[in-house]
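Input: a single structure, listed below in structure tokens.
The values are calculated or read from the model by the stated rules, or taken from the named source; none is laboratory data. Every value quoted in this text rests on a predicted model; they were computed, and no experiment measured them. Every residue, glycine as well, gets a Cβ built from its backbone with ideal geometry; the counts of neighbours run over all protein chains shown. Only protein heavy atoms, including side chains, enter the accessible area calculation; ligands, DNA and RNA are left aside. Shrake-Rupley method; radii C 1.70, N 1.55, O 1.52, S 1.80 Å.
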Amino acid sequence: MLWSVLSAFALALCAPWLVRLRPAESGWILALLPAALSLYFFGQITSVALGVPVVESTPWVAQFGIYLSFYLDGLSLLFALLITGVGALIVVYAGSYLAGDAQLGRFYLYLISFMGAMLGLVLAGNLITLFIFWELTSISSYFLIGFRHREEASRAAALQALLVTAGGGLALMAAFVLIGIAGGSFELSVLLQQGDLLFAHPLYGAIVILVLLGCFTKSAQVPFHFWLPSAMQAPTPVSAYLHSVTMVKAGVYLLARLSPVLGGSALWQWSLLSAGALTMLLGAAMALGQTDLKRILAYTTVNALGTLVFLLGIGTETAIHAAIVFLLVHSLYKGALFLIAGIVDHETGTRDIRRLGGLVTRMPLIAALASLAALSMAGIPPLVGFIGKETIYHAVLEAPVAASFLIVLAVLANIFLVVAAAMMTIKPFFGTAASDLDAHGGHGVSAAIAAGPFLLAAAGLLVGLFPALVDARLLTPAAEAIFAQATIVKLALWHGINAPLVLSALTLAAGFVLYSRGAFLARAAQWGGRLAPWGPDRWYRASVSALLAGARAQTRVLQHGYLSLYIFVAFAVVILLGAIPFWLQGLPPLAVWTEQVQFFELIIALLILAAAAAAIRSPSRLGAIVSMGVIGYGIALIFIEFGAPDLAMTQFIIETITVILFVLVIYRLPSYVELSSRSSRIRDALVATAGGVLMTVFVLAALGAGTESRLIDFFAEETYPAARGRDIVNVILVDFRAMDTLGEIAVLGLAGAGVVALLRIRPGKSASRRKS
Amino acid sequence: MRQSLILATATRYLMPMLLLLSVFLFLRGHYLPGGGFIGGLVAAATFSLHAFAYGVKRTRQILRLHPRTYVGLGLLLALGSGLVSLTTGDPFLTGQWEALQFGALGDFDLGTPLLFDLGVYLVVIGATLAILLELEGG
């Protein structure tokens, strides 16, 4: 399984190159891998259906319990099939949808990387591995939403999606670490065996809340749902693939995956039930206020994600069956409808349902496919959507808590779904078009672009007619993985006349009545428009702009642009921090000077003092700098005197180069215009004196502490045997502490690049930059 | 900057010696005070002397590569020298040594720390000169 994930990433890297080589056929060629992978996973159905998960493991950071493990059971298999199967269709579709786009190669790079990441996510058998793939899907989603990166709206939507999902990702990481602590392992195969252990652990509450934060942001549950409609800025194949069939279901996947480990408590059940029900109802209701095909689809996707979480929250055997069935049902019809929305957009240049009309004459095949998918969405027999809705009603009616209340919510949400399905198909395909709609344009619907919707819509019909194709072999193992007990999913189109059937009929009737009353839809749109500015989107915007305003404010305070003040602040902070330990703990024993001071040492000291005085008093910059150089050379002489030749050598050269640097800078500066004021001189003198005193105390304290360090002996003994060197300082630099040196030279290189970049900003250039 | 004949002539004689000193300091590191950092600084100072005497343009010519290329090469070399140890299963940056015999010339050890130090040497030259030459006039 590792290779199946790696092969996707490898293909992603080759994609831009392949697109350049064969732009026309690249979609078909690139789709070969996902198609082959879906065949591979198809071949695994039989062995997984036996109930034994396939486990693979490669050590990664074994000392921390992190393995590249993969775990294939019914649940992962269902997702893997959706990812690779729909993935192949999307890749083919995108080749035609974005044909001629200069960025097609880049698009495939992101899309196929996403496929690899998503596949890794559902196959991962280790929580840390899962987390990494989880974050990779967020990042590739960011690139794909922002694909049209020249447009402001795309960039904003991409950033919003990233901030929300990656923010949830942080919570998830914390959750996984806590699970690792509480459960003693990151391995799913281990954790799934010990559900009760976590349940009784004191960290359980924190774990559940953090997991829910991660899953609810990723799967767009209220109040985090707002990023998903914004994400419709992405090209349509992306919306179809990431934002309806796969990535947004990652949260649902993880909730399902962890259900046997964390599920069963009141906290878990009520959180999922309430968030899911709210999302289910709000998503469906808000869809009715939209006029853009893709935004209607986005809100109904929010509804579907809510429904899945809601069903997992009910958590009974039938609810889990319903969740699995609905997962498949939704992927089939929603994938098809998204791709059809893309075709409509492509052919007419608009996705506004108020303008679209009469498309059936222009694209009869697409109209038929759209009708099939919409019928499935509305839950009309014999499509699979009908079975999906029946199982949902069945499960809700059997819910252990508040069944009569929940069934009202479910029926209401489904009535809205019927209306949304009608809105998207009846008028655009069979109604009358707005007079200004471009009636001739369009490129004709190619096979590549029709293949996806055709196969998805046809599958919806086929599975509806013959549910036995999937229930025992595909859906039963998936349900068993969530339920953690033997269970059998048995689907049928006809169950006899029972409560779900009556509710279904009621739903359809109510839906059509609402749809046929145009006034209702107009009012819904009005309400949608009125409520939109008050959604959580507003809070997101407010918090982002507050963050930016905070950053600007503190930058204004800290980055004032006065060099002398920067130095003042830096020194003052160092002095304060350095003095705190002495203040808190009193002075350590200081060394007492006992040796006779030599005559030339005295001379050097006097030289340094005189040079320091000269530097302060000098009326010119050059004079001050030369005096500073004298101080440096004086210190180097002291180093020689006390037997530190390498320090002295470095000091001499650094001092020389510093003086050269200063001279070069001063060459460009005017001479002193005004000298600093008396008060700032006193302030500087105080800081300088404090710095000098503190440094002296440091040195005396260090000498007074004695030299009982074992390091000296270690280096003296080990330098030759361990590192074959004789100069301790050098050996420390290039061998014992080479990692530090590597970091330091990297910083040095970066600092050089930074200084050069700063020097290149000439006043004229920077002004023009700031304007743009 | 106006060229000074005395400085130009002096530089012509000083440069080879200073560069030799730089290489000497670099090579004797590990056994005696010296090493890549000091050696690199001496070389950088030497090139800035050249720039004073002959102008930045000529200095950039004799350097052949842009200073930032030296930084990149140095970092790659230091990183690469650390990777050698991975082939023998040691942790990153463990010194790997090969004893070389040169008969009458004596023996010496050649190891990855020397490569690492060469990386330091190049980064120091590159970063210092990048700043100095930019300051001295483009």
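Descriptive notes on the structure:
- Spin-label model, B:Y31/A:A553: points 7 Å from Cα along the beta carbon direction are separated by 6.4 nm.
- Chain A: angle of helix A:384-397 to the longest principal axis, Cα-based, in degrees nearest 10: 80 degrees
- Using alpha-carbon coordinates, inclination of helix A:738-760 to the longest axis of chain A, degrees: 90 degrees
- Sites excluded, GluC sites (Glu not before Pro) in DSSP loops with at most 10 other C-beta within 10 Å, longest stretch of chain A: A:1-594
- In this structure, the pairs whose alpha-carbon distance is over 20 Å, taken from A:K249/A:K490; A:K389/A:K490; A:K218/A:K490; A:K389/A:K427; A:K218/A:K389; A:K294/A:K389, are A:K249/A:K490; A:K218/A:K490; A:K389/A:K427; A:K218/A:K389; A:K294/A:K389.
- Solvent-accessible area, 1.4 Å probe, carbon plus sulfur percent, for the range A:231-325: 61 percent
- With all protein chains kept in place, the per residue accessible area of the protein assembly as shown amounts to 47 square angstrom at a probe of 1.4 angstrom.
- Coarse-grained scattering of the range A:38-167 at q = 0.11, 0.12, 0.21 Å⁻¹, given as base-10 log I(q)/I(0) from a Debye sum over alpha-carbon atoms: -0.49, -0.57, -1.20
- Shape annotation for chain B: C-alpha extents along the principal axes are 57, 35, 22 Å, from largest to smallest.
- Qualifying trypsin sites (Lys or Arg not before Pro) in the range A:128-191, where qualification requires a DSSP coil assignment and no more than 10 other C-beta atoms within 10 Å, comprise A:R150.
- Taking A:F600, A:F70 and ordering them by how much accessible surface each has at a 1.4 Å probe, largest first, produces A:F600, A:F70.
- Using the Karplus relation 6.51 cos²θ - 1.76 cosθ + 1.60 with θ = phi - 60°, the per-residue 3J(HN,Hα) values for the range A:537-546 come to 3, 4, 5, 4, 4, 4, 6, 5, 6, 5 Hz, with x marking Gly and Pro.
- R0 of 41 Å, Cβ-Cβ distance A:F42-A:T316: FRET efficiency to nearest 0.05: 0.85
- List A:M247, B:M17, ordered by accessible area with a 1.4 Å probe, largest first: B:M17, A:M247
- Estimated inter-spin distance, A:Y562 and A:V513, nm [label 7 Å along Cα→Cβ]: 7.6 nm
- Buried surface between chains A and B: roughly 3600 Å² of accessible area, summed over both sides, computed with a 1.4 Å probe on protein heavy atoms only.
- Taking every protein chain into account, the 1.4 Å probe leaves A:S331 with about 0 Å² of accessible area, to the nearest ten.
- Sum of side-chain charges, A:V211 neighbourhood, beta-carbon under 15 Å (Lys, Arg +1; Asp, Glu -1): +2
- Neighbour net charge for A:T129 - beta-carbon separation under 12 angstrom, K R +1, D E -1: -3
- Over chain A, Cα pairs under 8 Å with separation of 6+ residues give a relative contact order of 10 percent.
- Sequence-ordered 3J(HN,Hα) estimates for the range A:424-436 from the Karplus curve with 6.51, -1.76 and 1.60 and θ = phi - 60° stand at 7, 10, 4, 6, x, 9, 10, x, 9, 7, 5, 5, 8 Hz, glycine and proline given as x.
- Nearest-ten-degree value, helix B:67-84 long axis tilted from longest Cα axis of chain B: 10 degrees
- Each label was represented as a point 7 Å from its Cα along the Cα-to-Cβ direction; for A:L609 and A:L267 these points are 6.9 nm apart.
- Legend: P(r) of the range A:220-289 from all alpha carbon pair distances, 10 Å bins from 0, whole percents, reading 18, 44, 30, 8, 0.
- All other residues whose Cβ lies under 15 angstrom from that of A:A285 are scored, Lys and Arg at +1 and Asp and Glu at -1, for a net of +3.
- The protein assembly as shown: C-alpha pair distances exceeding 53 Å, %: 37 percent
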